[in-house]
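What follows is a set of notes on a single structure, which appears directly below.
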Ligand code: HEM
Ligand SMILES: [Cu+2]
């Protein structure tokens, strides 16, 4: 390999590494989110490999086989297809996506899994432009608008099921740190379950364009210890007339 | 327009048309595929400028948090019309323009199969675009529900503006224009090939357009159905897509069209790349038949992946659509290897067209890779409808419809006009565009990963999205400068560019075997056609007996291929 070519391939490699290092998901804070993040990391490794190989080949070819400019330059050897190459580059991508598909389906089953008896069920209703949260067993309701968004609390280490619906147009219930969203569709119910592992405050937002104030259809989730959560819920219940 | 009662002898017909051709009236009434092609390309480029301007305004608004320039309603109209115009009035008609100009030339035909239908199609497209843009001039403003217009948001209750009706009707008409255009192109390719131009000797650009036309034929009617039903819902109480019916059915219909549409844009530009790479490598394409097969496979698969746009609805089979979406990466990857193998051991000439084409490969590679991420439902759940998707789709759409388009325009401009575009300006433009594009769109991956949703005109300063947004907006200025440079280059080179001659690049395909610009009916004589690269064959094999077969066996015969002579 020529000197220039090796320098280029090194640059490409470093660039790809920087890419991998920077392209990380937000810190996942749920059990399901951690599964998604590890899947994402595996995809990132495969992506970096593909990127380095293809860009490397391309860069090397460009540097190695530069010819003279002009339409009348000498023609190179007129090679054409070779079966062995064709077989290789139909097979390798097929194997790669097969592996990615298997990994995907494993995680998909975990992310889509629904608890038989979740510890807590929260009904989530989207509307133009806010969210209403109803805690099913206690009947506590928290709602918000674009000007005054809702803030709710949830317990860590408990399975929480969100039952998602809409009162008007399509919205999407999305919490970036949970690495998940589900559409809120009128006349249809949707659901996902999470087990929050880390305490903290997480912002949420509408993920599907829903009209004028879509950008302000936000909410906040405070994940707290189960004890604190129970107290908060009792306070809310007492405050409800 | 001259009415021809009976077929005229060719010479006489040319004479009559020549007089009608001069001046503005000649252009407005033309049925010549080359002029219609140019009209399409120029109009599409104007819509690119309009939609590009809208995006610059959006980027200016997003440069810093909260609202400064616009109100939210205007922002919502802008992204809706930007997306709509880029897809329906820039990328798609640019493809049809290139096809119009090049297909008859590449297959050795005098014109398209139905020249008058062709003119009608063009004017219908212009009419439809004016209807959609008319939305800006009605009181309540243009459509503001995103380029895919999901109900119930797009129903009258939530989007009462007449602008929304104009959007529906305009897109419906533009769909009719696309369908008629594709019929014309298919008829041309099937019926008007020169003797010797068998299906397996068609240039790859023509193959890609052939498959694209089939995609148009199968997908646009479905869009038409969805839009017609939406129109009925909006104006006559149809209740198809309202909660009384099912809003999700619209999503299925739209994406059954919408995903093939992505390939309607991508495939022709893959075709452009596949034309340019061999010419500037001075070698035949590596694996012609594999390219044809990959193209057909991509076209077929593109009808099976639509609901990957709907993973988060929780109402589709995620596993099925994930697997079909993964599969479509394979034939696309194969094309990359074919391009690189064509360059391998070639003698590469880095003229401007080749520069853009390599740029396209790098950009589409990134867009393709992020596409595989999005095909995985758990990852899609996380980044769906965030800026990650905005980044992904611009790497795919901009990579093809802008990078490969500029490659194609630099490559074929000499054929269109007889003059070269300035190479030096072209190279400066390329680097500006390349840097500007990546500075604008690469950071958006991270913004999306950090949870920034798409389609928001403002965002709170505390979310941590400020720096990357500022960076992205800065990059968009570089893109604008690059495009202005092209306009300057185009304007001056039209009359002052270096004379190009018939074949400035050493082209492989028939369009280079005639004058630049070509005469009214394209060819006075054709070289023998024994492969997909008749002109390269001439150069490799040397002189040919007048009107006879070239000396020595053709590549196809040596490879033991079974497609004989005559029309395939
Ligand atoms: C000229 C440089 C371009 C810039 C600076 C640009 C910028 C943008 C911006 C800021 C958005 C809105 C993002 C949001 O709020 O969600 C957007 C959306 C979009 N762009 Fe571009 N874009 C460019 C070129 C293109 C091209 C060439 C195409 C296609 C051929 C395209 C297709 C789209 C589509 C389909 C959308 C989505 C619209 C929607 O959400 O309904 N853009 N672009
Ligand atoms: Cu919403």
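The values are calculated or read from the model by the stated rules, or taken from the named source; none is laboratory data. Just so it is clear, the structure is predicted and the values come from calculations on it, not from any experiment. When we count neighbours, we look across all protein chains shown, and the Cβ atoms used for this are built from the backbone with ideal geometry, even at glycine.
Per-structure values
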read-out: Residue in the stretch A:167-188 that is farthest from residue B:77 (Cα to Cα), counting only those that are within 8 Å of ligand 2 (Cβ to nearest atom) and more than 7 Å from chain B (Cβ to nearest Cβ); value: A:184
read-out: Flag if residue A:59 is surrounded by fewer than 18 Cβ atoms within 10 Å (Cβ to Cβ) and either farther than 22 Å from residue B:345 by Cα or at pLDDT 95 or above (or both); value: no
read-out: Verdict on residue B:181 being surrounded by 24 or more Cβ atoms within 10 Å (Cβ to Cβ), closer than 19 Å to residue B:208 by Cβ, in contact with a helix residue (DSSP H, G or I) (Cβ under 7 Å, 6 or more places away or on another chain) and modelled with pLDDT of 95 or more; value: yes
read-out: Some residue of the stretch B:469-479 being within 14 Å of chain A (Cβ to nearest Cβ) and within 16 Å of ligand 2 (Cβ to nearest atom); value: no
read-out: Test: residue in the stretch A:215-237 that is in contact (Cβ under 8 Å) with a residue 60 or more places away in the chain, more than 16 Å from ligand 2 (Cβ to nearest atom), surrounded by 20 or more Cβ atoms within 10 Å (Cβ to Cβ) and within 12 Å of another protein chain (Cβ to nearest Cβ); value: no
read-out: Only listed residue being over 22 Å from residue B:56 (Cα atoms), touching a residue at least 24 places away in the same chain (Cβ under 8 Å) and crowded, with 21+ Cβ neighbours inside 10 Å, chosen from B:536, B:526, B:447; value: B:536
read-out: Condition broken by residue B:51, with the remaining ones in (1) in contact (Cβ under 8 Å) with a residue 60 or more places away in the chain; (2) away from ligand 2 (no atom under 16 Å from the Cβ) satisfied; value: (1)
read-out: Residue within the stretch A:189-205 that is facing chain B (nearest Cβ under 10 Å), more than 16 Å from ligand 2 (Cβ to nearest atom) and out of contact with any strand residue (DSSP E or B) (no Cβ under 6 Å at 6 or more places or on another chain) present; value: no
read-out: Lone qualifier among B:411, B:381 - being buried (at least 24 other Cβ atoms within 10 Å of the Cβ) and closer than 20 Å to residue B:450 by Cβ; value: B:381
read-out: Residue match in the stretch B:134-143 (condition: within 14 Å of another protein chain (Cβ to nearest Cβ), within 28 Å of residue B:310 (Cα to Cα), more than 16 Å from ligand 1 (Cβ to nearest atom) and crowded, with 21+ Cβ neighbours inside 10 Å); value: no
read-out: Pairs with Cβ under 9 Å, 6+ apart, first in the stretch A:167-186 and farther than 22 Å from residue B:148 by Cα, second within 16 Å of ligand 1 (Cβ to nearest atom) and part of a helix (DSSP H, G or I); value: A:176/B:449; A:179/B:383; A:180/B:312
read-out: Residues that are more than 8 Å from every other protein chain (Cβ to nearest Cβ) and on the phi > 0 side of the Ramachandran plot, drawn from the stretch B:452-468; value: B:464
read-out: Pick from the stretch B:293-305, criterion touching a helix residue (DSSP H, G or I) at 6+ places or on another chain (Cβ under 7 Å) and more than 15 Å from residue B:326 (Cβ to Cβ), ranking: surrounded by the most Cβ atoms within 10 Å (Cβ to Cβ); value: B:295
read-out: Of the criteria (1) assigned to a helix (DSSP H, G or I); (2) more than 7 Å from every other protein chain (Cβ to nearest Cβ), which one residue B:316 fails; value: (1)
read-out: Qualifying residue in the stretch B:486-495 (condition: more than 16 Å from ligand 1 (Cβ to nearest atom), within 14 Å of chain A (Cβ to nearest Cβ), farther than 21 Å from residue B:36 by Cβ and buried (at least 18 other Cβ atoms within 10 Å of the Cβ)); value: no
read-out: Filter result (in a helix (DSSP H, G or I) and at the interface with chain A (Cβ under 8 Å from one of its Cβ atoms)) within the stretch B:273-313; value: B:281, B:288, B:289, B:290, B:312, B:313
read-out: Listing of helices (runs of 4 or more DSSP H) fully contained in the stretch B:335-419 that carry 3 or more residues being closer than 30 Å to residue A:111 by Cα and within 7 Å of another protein chain (Cβ to nearest Cβ); value: B:352-375, B:377-383
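Quick grid of which residues meet (1) out of contact with any helix residue (DSSP H, G or I) (no Cβ under 8 Å at 6 or more places or on another chain); (2) under 30 Å from residue A:194 (Cβ atoms); (3) facing another protein chain (nearest Cβ under 7 Å):
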| site | (1), (2), (3) |
| --- | --- |
| A:40 | no, yes, yes |
| A:54 | no, no, yes |
| A:59 | no, no, no |
| A:88 | yes, no, no |
| A:91 | yes, no, no |
